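Input: a single structure, listed below in structure tokens.
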Amino acid sequence: MAFEDLLPEVGDKGRFQILQVFFFAIPMILIGSHFLLENFTAFVPEHRCWVHFLDNTSALLNVSGNLNFSSLLKFSIPLDSNGNPEKCRRFFWPQWQSLGPNVTGQNVSQLEMEPCVDGWVYDQSIFTSSIVTEWDLVCDSQTLKSFSQSIFLAGNLVGYLIWGYLSDRFGRKGMLLPNFLMLAVSSTGTAFVQSFPVYCCFRFLFGSSVTGIMVGSGTLTQEWTTNQHRPMVTVIFTLCFSMGHLFLGFVAYGIQEWRKFQLVMSAPFFAFFLASWWLPESARWLIVQNRYDEALKVLTKVAKINGVKETTLTIEVRGEGGARAGMWEMVAFQAKPSSQGPTKRKVPSLMMFLQISVGQGTGEFLSSLVSEGPCSPLPPPLLSQNHSLHSFLWAVSVFPPHFFLCSVV
């Protein structure tokens, strides 16, 4: 007897399976949003060098006279080819002669300049703060912004290599609990860090725990589902992952400070950690580990949740009349090839990877047409100034390829 033959006895598509999918679908929405979180928390605003007599209020009053702010800016910071203040350089000395009408680009380029040794002034019209403005990740330090996202993805890779093995060794629920805790602590702790290196460490831990949750929840749900319904479960989780992109845009519209934004998007993970204590372990995994009594208790509990009366379970499931030992050994023999090692996780993981990759890749192309190309219903200045709107349009454009893949699963 295969384990799939046991599931109809306790309910293979009942209330328990619905609640289980619903429970994991909600954190999957939040996890999906965290994959794009740095689009907002690491937003790079317009910026220029900080100038003492220009950005110090008392000094500005002493030197301004009849000059307006634009004029003062002109002899403080050179202009780029588009006529905007340069982002990474300023004049070493105030260039009062640049107020004259005969200053050419050639003689301005020959003037002595220096980097932004006193810091930067950032535009706060879109977001009041981000990790870029917090730790000045611009100019010579701009690569550090990409480094933080690379650290997050490195955590994803390490998590996939570690948590899959540990899940087979110590159980699906046994690995979900520490991952939910690490997910909550690392993501929430990120909102309170005071240095960029510590921020990257938290991002690495978060990336690792994200993979642990995705692998653990997917495996646990698949093992309580028959082969017929497993593709649909994967589709639901993938769609929830994409819904996280939509949710992210809505939250970002109302919160412009990166620490508050990070905290709002992370605090709910503590609730999922507490709720995960009530998750039942995989009966399939328990049988493989020869923990038959625990497996029988879990199956009985699931049967009650699904409304299957205990007296209706077959003698093979109950193990009555001396048939128990032989039945469990046969189920364990049937379950081992699909429950141990990476093979069990490979197919659903590849399905989710295919849907996310194709969906986001096609969505990126559609988004470029909708937000910037000839199909754009809005003027480019509006989109460039409204980061949340651009993110929302991108998230919406991801759904059509997902629905297409759903139709062929």
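A few notes on this one:
- Nearest-0.05 FRET efficiency for Ala154 and Lys297, computed from C-beta distance (R0 45 Å): 0.65
- Projected label points at Asp140 and Glu257, each 7 Å from Cα along the beta carbon direction, are separated by 3.2 nanometres.
- Distance between the 7 Å Cα→Cβ label points at Leu161 and Lys309: 5.5 nm.
- Computed FRET value (nearest 0.05) for Val198 with Thr128, which takes r as the C-beta separation and R₀ as 22 Å: 0.50
- Overall shape: oblate for segment 155-265, with the ratio a/c of the largest to smallest alpha carbon gyration tensor axis at 1.5 or above and b/c at least equal to a/b.
- Distance from segment 156-219 to segment 230-296 (C-alpha centre basis), Å: 12
- Compared with the direct C-alpha span, the chain from Gln228 to Leu73 gains 49.1 nm at full extension, assuming 0.36 nm per residue.
- Projected label points at Trp93 and Ser81, each 7 Å from Cα along the beta carbon direction, are separated by 3.0 nanometres.
Quick note: the coordinates plus some simple rules give every number you see, no bench work behind them. Since the model is a prediction, treat every value here as computed from it, not as a measurement. All Cβ positions, glycine included, derive from the backbone under ideal geometry; neighbour counts span all protein chains shown.
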